[in-house]
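Beneath this line is the structure, given in structure tokens, with notes to follow.
The values are calculated or read from the model by the stated rules, or taken from the named source; none is laboratory data. In this text the structure is predicted, and so the values were computed from the model without any measurement. Note that we place each Cβ from the backbone using ideal geometry, even for glycine, and neighbour counts take in every protein chain shown.
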Amino acid sequence: MRIAMTLACQTPGERHSVPRPSTMLALVFLLLCSGPSVAGVVAVDSVGITVADLDRSVAFFGEVLGFEKTAEVEVTGEAYENLQGVFGVRMRVARLRLGDESIELTQYLAPEGRPVPVDSRSNDRWFQHIAIIVGDMDRAYAWLRQNKVRHASSGPQTLPNWNPNAGGIRAFYFKDPDGHALEILQFPPGKGASKWHQESDRLFLGIDHTAIVVADTEASLRFYRDALGFAVAGQSENHGTEQEHLNNVAGARLRITGLRAATGPGIELLQYLNPSDGRPLPADLRANDLAHWQTQVRVAEVDAASLEATGSNSVSRGVVSIPSAERGVRRAQLVRDPDGHAVELQM
């Protein structure tokens, strides 16, 4: 389907301060804001995840990870069928906040989708996660163990000092009740945005970025940087035993590229230079399948021809008007990047 994109939207009224730059480049690459983009993107609004049981997921993110539910709505009708590309849809959608950042959890009451593949690996190209910043990795890991979360990493990893930009960074991958990958991440003094080092009585502080596996960084940059207007915050190549055990992929060697809009979490592109056996995103993946994530981006102006030229395609039937702004969005279009990762363009 050809991408049919209209122009102009409202710029969000609320602006956050721009954190100071950082040179940290790693798998847990800090994606710092580098000012307003030169093209369409205004902000990363939130990250959307399809879940099987909304009540269960809200409880998990709230009770285990400290998220606060700020809104919930049940929606149905032709507009949502056209937006999500799923016929006969009825959805429960909850918005949850952690610090300054938000996620949206969506349960498809009808039609139900397929589960996350049980043999999913971190180098498969349907992989996506959010990186949750913690103030104390040892306490956070102990708390996750107490709550019996499923491991994705073998355990917390401390990135080595031979990589001066990443030395001392600690990270751990785990899974939510549906098998979605999540990450907790701790920055040592001198690394990371200043807000992650402010004193807080909270263990889980906010979301630094969402990460996606891509086949070709340059192809992804044509979509996110050139067509949407994200700024490149930095690049790195990472490998070694800590990297392998973090991703739980033997021989992992990654090219990592950080992207930023003016506000909101960053987007991290993970290209596996090795191993090369990661599987592509299924061509028949739909928004009601539990492997579906969507990065929700506020845009001001996007050139439809530029998007189409990147190899992306539209899930939606053009730009869709949302009844009564039920999700806080009046117009939106769901598109897929060159690897099939979903991006909801909100206007």
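For the range 233-274, the set of residues classified as free of Cβ contacts under 8 Å to residues at least 40 places away in the same chain and either touching a Gly at 6+ places or on another chain (Cβ under 9 Å) or not polar (S, T, N, Q) (or both) consists of GLU237, HIS239, GLU244, ALA250, GLY251, ARG253, ARG255, LEU273, ASN274, listed by residue number.
Conditions (1) in contact with a strand residue (DSSP E or B) (Cβ under 8 Å, 6 or more places away or on another chain); (2) under 30 Å from GLU237 (Cβ atoms); (3) at pLDDT 95 or above; (4) surrounded by 18 or more Cβ atoms within 10 Å (Cβ to Cβ), marked per residue:
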{"site": "ALA4", "(1), (2), (3), (4)": "yes, no, no, no"}
{"site": "CYS33", "(1), (2), (3), (4)": "yes, yes, no, yes"}
{"site": "VAL42", "(1), (2), (3), (4)": "yes, no, no, yes"}
{"site": "ALA52", "(1), (2), (3), (4)": "yes, no, yes, no"}
{"site": "GLU72", "(1), (2), (3), (4)": "yes, no, yes, no"}
{"site": "GLU78", "(1), (2), (3), (4)": "no, no, yes, no"}
{"site": "VAL86", "(1), (2), (3), (4)": "yes, no, yes, yes"}
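On the stretch given as the range 223-237, residues that are crowded, with 20+ Cβ neighbours inside 10 Å, in contact with a helix residue (DSSP H, G or I) (Cβ under 9 Å, 6 or more places away or on another chain) and not aliphatic (A, V, I, L, M) total 2. Scanning the range 286-303 for residues that are part of a loop (DSSP other than H, G, I, E, B), within 18 Å of the chain's Cα centre (by Cα) and closer than 19 Å to LEU259 by Cβ gives no hits. Scanning the range 304-343 for residues that are in a loop (DSSP other than H, G, I, E, B), modelled with pLDDT under 90 and closer than 17 Å to ALA261 by Cβ turns up just one, VAL329. Looking at ALA261, ALA250, ALA283, can you tell me which residue is among the hydrophobic types (A, V, I, L, M, F, W, C) and under 18 Å from the mean Cα position of the chain (by Cα)? Answer to the check: ALA261.
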